[in-house]
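Just so it is clear, none of the values below were taken in a lab; they were calculated from the coordinates. Since this is a predicted model, take the numbers as computed values, not measurements. With ideal geometry, Cβ positions are generated from the backbone for all residues, glycine too; neighbour counts draw on all protein chains shown.
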Amino acid sequence: MTYPALFIDSQKIEHNARIVTSMLKGRGIDVVAVPKSTLCHPAVVNAMVKGGAKAIGDSRMENLRRARQDGYSGEAVLLRAPSPARCPEAVEVSDVGLNTEVETVRLLGRAARRRGKDYKVVLMVDLGDLREGVLPERAPSVAKEMASVPGIILHGVGVNLTCYGGVIPTTEKMEELLATKEAIESVLGTRLEVVSGGNSANILMTMEGKSPQGVNQLRIGESIILGTEAVKKTVVPGCHTDAIVIAAEIIEIQRKPSKPIGEIGINAFGAVVTFPDRGVRCRAICAVGRQDLDHDGLTPLYEGIEVIGSSSDHIIVDVEGATGLEIGSVLSFIPSYGSLLKAATSPFVEKVVI
Ligand SMILES: *Cc1c(COP(=O)(O)O)cnc(C)c1O
């Protein structure tokens with residue numbers, strides 16, 4: 001194998017999935033596991049299913065197709081609405097989709113009919129985060145139109161918070177979602193199966209018993225993969241936080257001043273950066289960069305080192321407090337969600353299952 005590499009510990013992911021799904025199961029909540037930060041890596045999908053996920057969800061059709069090709073045969077949820085042109089493909093690679101536009105749902109229904117199947121739609125409601133969703137007051141009429149489309153089963157309602165506006169899921173937000181569901185049911189005269197209350201940002205409130213009865217599904221990526229919940233970034237009790245680590249080799253290790261020498265302008269990314277003067281320090285350069293991750297989203301797994309910066313192809317690490325490092329030494333880091341997403345997407349990063 002070569003570095004940089006992402007090491008994927010499938011047993012740890014399975015363990016995390018089991019912790020999360022059983023905690024939520026006890027509260028009447030099914031888990032749609034979301035492996036998108038690993039591009040639906042087969043080892044991750046497998047571990048999630050073994051760990052108790054009811055379905056898998058991804059925002060990219062390419063990833064769901066990959067999961068199918070790798071043998072995943074359970075329910076697949078498309079988390080991002082398809083463009084009109086890609087509705088036939090959406091129906092091919094997924095069974096359920098989160099949607100907000102009647103026109104798109106008509107196209108999904110037509111594609112489903114052509115394949116001789118029904119497609120399930122979860123109507124997303126915007127409760128203030130201002131990413132996807134219809135405003136609650138419009139939900140009943142939109143739901144009615146969607147439910148009347150041949151080939152479409154209106155499966156439920158959903159919400160996504162914390163992603164764009166940073167709005168935190170609360171009991172009130174969940175009650176608003178449940179009220180929207182009831183308003184839809186009274187217009188339709190039928191019951192909706194699913195109330196999809198959110199993502200890893202819902203874990204904390206749910207553990208604290210603040211998620212009202214009736215919210216019966218969460219779509220969980222981060223908490224299973226990184227072992228953290230998404231509001232305060234605290235560790236989910238019992239979960240591993242090092243199920244996936246990124247490792248890179250040192251290609252330079254030298255003693256240098258900590259403050260740049262010369263006239264200071266903008267750097268390669270258009271920013272003027274200032275550095276504290278800490279005197280001469282031992283610094284190492286690792287052969288991985290912004291093309292593969294975000295340096296400020298890395299937690300070093302080596303005593304006495306500190307990530308101080310990066311360029312496209314290098315991360316610069318202060319290693320003054322570390323011993324035993326030389327060129328060729330491998331440094332490992334726990335990635336943030338954003339770093340993991342980049343590293344998984346980078347063709348320069350080898351993916352290694354352990
Ligand atoms: C990515 C995504 C999720 C999963 O989010 P996590 O924070 O990783 O749990 C859930 N729902 C939607 C719509 C998403 O796009």
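With a 10 Å cut-off between alpha carbons and a GNM built on the chain, which of 159, 307, 44 moves the most?
307
Between beta-carbons, use under 15 Å as the cut-off and find the net charge around residue 11, counting Lys and Arg +1, Asp and Glu -1.
Local net charge: 0.
Under 1.5 on a/c is rounded, so check that first for the stretch 73-125, then, if it is not, pick prolate when a/b is larger than b/c and oblate when it is not; a ≥ b ≥ c are the square roots of the alpha carbon gyration tensor eigenvalues.
oblate
Quick one: give the max-minus-min coordinate of the C-alpha atoms of the stretch 309-354 along each principal axis, largest first, in Å.
Principal extents (Cα only, largest first): 31, 27, 17 Å.
Loop only per DSSP, at most 11 neighbouring Cβ atoms within 10 Å: give me the GluC sites (Glu not before Pro) in the stretch 126-221, ordered by residue number.
208
The stretch 239-298: which GluC sites (Glu not before Pro) are DSSP loop and have at most 12 other beta-carbon atoms within 10 angstrom?
263
What ³J(HN,Hα) values, in whole Hz, does the Karplus curve 6.51 cos²θ - 1.76 cosθ + 1.60 give for the stretch 255-262 when θ = phi - 60°, with x put for Gly and Pro?
Once θ is set to phi - 60°, the couplings for the stretch 255-262 become 8, 9, x, 8, 10, x, 10, x Hz.
Using a basic spin-label model with each label point 7 Å from the Cα along Cα→Cβ, how many nm lie between residue 273 and residue 163?
According to this spin-label approximation, the distance is 3.1 nm.
Using the beta-carbon distance between residue 256 and residue 301 and R0 = 25 Å, what value does 1/(1 + (r/R0)^6) give for FRET efficiency, to the nearest 0.05?
The formula returns an efficiency of 0.55 here.
How big is the dipole moment of the chain about its Cα centre under a simple scheme where the beta carbon of each Lys and Arg is +1, that of each Asp and Glu is -1, and everything else is neutral? Debye, nearest 20, please.
In total the dipole reaches around 840 debye.
Relative contact order for the stretch 1-149: what percent, with Cα pairs under 8 Å and sequence separation of 6 or more?
After rounding, I find 15 percent.
Rounded, prolate or oblate, given the Cα gyration tensor of the stretch 1-90, with a/c below 1.5 counting as rounded?
Oblate, since a/c reaches 1.5 and b/c is not below a/b.
For the stretch 25-72, state which trypsin sites (Lys or Arg not before Pro) are in a DSSP loop and have at most 13 other beta carbons lying within 10 Å of their beta carbon.
Qualifying residues, ordered by number: none.
When only C-alpha pairs under 8 Å and at least 6 residues apart count, what is the relative contact order of the chain, in percent?
18
Mind computing the radius of gyration and Dmax over the alpha-carbon atoms of the chain? Å is fine for both.
Cα-based Rg and Dmax for the chain come out at 22.8, 73 Å.
Once each part is reduced to its C-alpha centroid, what is the distance from the stretch 84-123 to the stretch 231-290 in angstrom?
44
For a quick size check, give me the Cα extents of the stretch 119-194 along its three principal axes, largest first, whole Å.
Taking max minus min along each principal axis of the Cα atoms, the stretch 119-194 gives 36, 20, 19 Å.
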